[in-house]
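All remarks here apply to the structure that follows.
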Amino acid sequence: MKFSLLIDGMLCDGASTLDVINPATGKVLAVAPRADKAQLDQAIAAARRAFPAWAAKSYAERRGYLEKLADAVEARSDEFARLLTQEQGKPRAEAEMEIMGIVHCIHYFAQSELPVKVLSETEEERVTEHRTPLGIVAAITPWNFPIVLMAAKIAPALITGNVVIGKPAPSTPLTTLLLGEVAAQILPAGVLQTIVDENDLGAVLSAHPDIANVNFTGSTATGKKILASAADTLKRFTLELGGNDVAILLDDVDIAEVAPRIFASAMGNAGQVCLATKRVYVPEAMYDEVCDALAKLARETVVGDGLEQGTQMGPIQNSQQFEKVKGYLDIARQDGTIIAGGSAIEGDGYFIEPTIVRDIAADSRLVREEQFGPVLPVLPYKDIDDVIDAANSTEYGLGGSVWSSDRARATQVALKIDSGIVWVNRHLVLPYDVPFGGAKQSGIGRQHGLDSLHEVTQLKVISEALA
Ligand code: NAD
């Protein structure tokens, strides 16, 4: 498989190369082109040249390009899904969902628009609100959902008249490069470009004076660096960062019904989901039964290469995160009782058994930090107010869920959780028309919905005197 950067309408080699590892085998899957600073500068110059003509097109014209892009991705969806499983590790069915997710995402935003709003119209004046594109958007993504997160940045930016430089995480660049290859046949030169780095060009992009907006998803630590480097040019930015979401069970839940859904919310994508359930709180009287139900589900989960039929959970995406999750297994052993899983799986891939941990101290690092892997702490509670305090005691505030047969009661608890989204009796439902994003240190700004168009546009008022 040959992969290329897309710079100024040309598919080209990088200044050097980067080995991309298949996390299911630990072996090199492909060699990706790696850009240097000079190639990034070329891309920025091309984007500057492309911006005026793209911004001047009507929504209807840009819509035509985006619809074609969505159709072209769909036509190659099998290839995209297989590549996604190989570079990221997720089971084939989850990869297919992610790829159809980008097709829907591009179609959805292709149909979106920010029309001119009339704020005042009298005999004396006409005041209108316009949303104009910012310019060059840097779309920087992590390795857990490499392509759907990229599409959710590219599509709103392009439809509103911005141009985009996409920079994926170094361990999962391939699906973004394939998207660039598809876009090269459809979009004018410089409108969408792809750059691969080895964690060295993100900082250059976020400090660059010609970049108008940094649309970033990744860790809170990197988000803080971007915030600092954006200060110099007062750059606009959207930061979608880490989380430590709770799932709170109230005392009237049907355990048999809820346990599999809580388990799925924690273990999907091997726990590498920003909005995954990362700690579960259970009423004392139900604690043993819930722990046992979750442990049984963990033991029954088929872990393996995502390309193999029947695999339910793939590997951890990269060796660095694999070591980090193994560290959380050590913490689990020290601070709690492991009742299912507890080990890395022997072999060359980065596999961790789905792990359930009970009787763990509330101040354990496994409870306080974002584990980003399939190691789930389950904690008992007596008083719901204590759980709400515990839920809010972290610097994060991304998501969370409350589970009860009394929806109104659950909603009252949900309203007290300080985060960007709280689900009631469900988890991880993220349609493109519903904005999501973090409270506190889980982020600034919103993705999805009209909010994501606002993030990449400037509000401009034209105030006309008529008399
Ligand atoms: P990361 O912060 O290490 O890297 C993310 C991206 O930032 C990569 O492309 C990386 O190359 C780039 N980068 C690194 N240094 C940079 C710098 N100084 N300036 C600009 N860019 C830089 O994150 P990760 O480990 O790849 O991803 C995991 C994290 O992402 C978790 O914390 C997870 O919760 C979070 N995440 C959040 C959401 C959300 O929507 N809130 C979604 C998915 C993942």
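The set of residues from region 175-194 being assigned to a helix (DSSP H, G or I) and open to solvent by less than 20 Å² (accessible area, probe 1.4 Å) comprises Thr175, Thr176, Leu177, Leu178, Leu179, Gly180, Val182, Ala183. Taking region 94-118 as the range and being aliphatic (A, V, I, L, M) and open to solvent by less than 70 Å² (accessible area, probe 1.4 Å) as the test, the residues that pass are Ala95, Ile99, Met100, Ile102, Val103, Ile106, Ala110, Leu114. It is to be established whether one or more residues within region 309-324 are surrounded by fewer than 17 Cβ atoms within 10 Å (Cβ to Cβ) and touching a helix residue (DSSP H, G or I) at 6+ places or on another chain (Cβ under 9 Å). Within region 309-324, one or more residues are surrounded by fewer than 17 Cβ atoms within 10 Å (Cβ to Cβ) and touching a helix residue (DSSP H, G or I) at 6+ places or on another chain (Cβ under 9 Å). Kindly establish whether Lys37 is out of contact with any Ser or Thr (no Cβ under 8 Å at 6 or more places or on another chain) and either among the basic types (Lys, Arg) or open to solvent by 80 Å² or more (accessible area, probe 1.4 Å) (or both). For Lys37, the condition - out of contact with any Ser or Thr (no Cβ under 8 Å at 6 or more places or on another chain) and either among the basic types (Lys, Arg) or open to solvent by 80 Å² or more (accessible area, probe 1.4 Å) (or both) - is met.
The residues of region 195-224 that are within 18 Å of the chain's Cα centre (by Cα), surrounded by 15 or more Cβ atoms within 10 Å (Cβ to Cβ), near the ligand (Cβ under 8 Å from one of its atoms) and not aromatic (Phe, Trp, Tyr), listed by number, are Gly202, Val214, Thr217, Gly218, Ser219, Thr220, Thr222, Gly223.
What about Ala266, is it of a type outside the set (Phe, Trp, Tyr), in contact (Cβ under 8 Å) with a residue 12 or more places away in the chain and over 19 Å from Ala362 (Cβ atoms)? Criteria not met by Ala266. Of the numbered conditions (1) surrounded by 24 or more Cβ atoms within 10 Å (Cβ to Cβ); (2) among the polar types (S, T, N, Q); (3) out of contact with any strand residue (DSSP E or B) (no Cβ under 9 Å at 6 or more places or on another chain), Thr277 satisfies every one except a single condition; which is it? All conditions pass for Thr277, except number (3). Reported count of residues in region 234-270, each being open to solvent by 20 Å² or more (accessible area, probe 1.4 Å), within 14 Å of the ligand (Cβ to nearest atom) and part of a helix (DSSP H, G or I), is 1.
The values are calculated or read from the model by the stated rules, or taken from the named source; none is laboratory data. All values derive from a computational prediction rather than experimental measurement. With ideal geometry, Cβ positions are generated from the backbone for all residues, glycine too; neighbour counts draw on all protein chains shown. Accessible surface is based on the protein model in full, side chains and every heavy atom, while ligands, DNA and RNA are left aside. Shrake-Rupley method; radii C 1.70, N 1.55, O 1.52, S 1.80 Å.
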